[in-house]
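Comments concern the structure below.
What follows is calculated from the coordinates using simple rules that are stated; it is not laboratory data. Remember, predicted model here, so these are calculated numbers, not experimental data. Backbone-built Cβ (ideal geometry, glycine too); neighbour counts: all protein chains shown.
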């Protein structure tokens, strides 16, 4: 059923979006998505530093007119690909873009000969948890008080999830 939208049984519209490496010029759009996606968003400087580190990558899913629909930030450490952030603009969610970004990093891990993908996620982020589980991630531990609360509190735990390559 190549070229068919299996959910509806009809031809799928071509997807003009493509994953590519982020550029400094993308940071404004990335920051809009970041601020709409996370309680304690990363700063411009944090993303800019990741563009320069040899072990980190920041890739975007860019649509028509180079509009950033989503992004994924990850580090390659020894034999693991550690997903730091993955987010899709709220106007473009539930269209498979998050899944596509996960497929992208899985492809990077495979082509680099890495052993596994690892990430942390808030237990309260039910949508992300469901997607990660469907993608094959399994919970392997908890990092207590990992996430800053944004209000000066103790912070929320993180579930550590792993998936083999």
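With a ≥ b ≥ c the root eigenvalues of the C-alpha gyration tensor of the chain, is it rounded (a/c under 1.5), prolate (a/b larger than b/c) or oblate?
Judged from the Cα gyration tensor, the chain comes out rounded (a/c under 1.5).
How much length is gained if the chain between residue 65 and residue 32 is pulled fully straight, taking 0.36 nm per residue apart and subtracting their Cα-Cα distance, in nm to one decimal?
The span from residue 65 to residue 32 would gain 10.2 nm if fully extended.
Sort 147, 74 so that the residue with the fewest other Cβ atoms within 10 Å of its own Cβ comes first and the one with the most comes last.
147, 74
Rounded to the nearest 0.05, what FRET efficiency is calculated for residue 20 and residue 131 with R0 set to 22 Å and r the Cβ-Cβ distance?
0.50
Contact order normalised by length for the chain, with contacts defined as Cα pairs under 8 Å and 6 or more residues apart; what percent is it?
17
Fewest Cβ neighbours within 10 Å first, please rank 118, 30 accordingly.
Starting with the residue having the fewest Cβ neighbours, the order is 118, 30.
Please give the length that would be gained between residue 77 and residue 49 if that part of the chain were fully extended, namely 0.36 nm times their separation in residues minus their C-alpha to C-alpha distance (nm, one decimal).
8.4 nm
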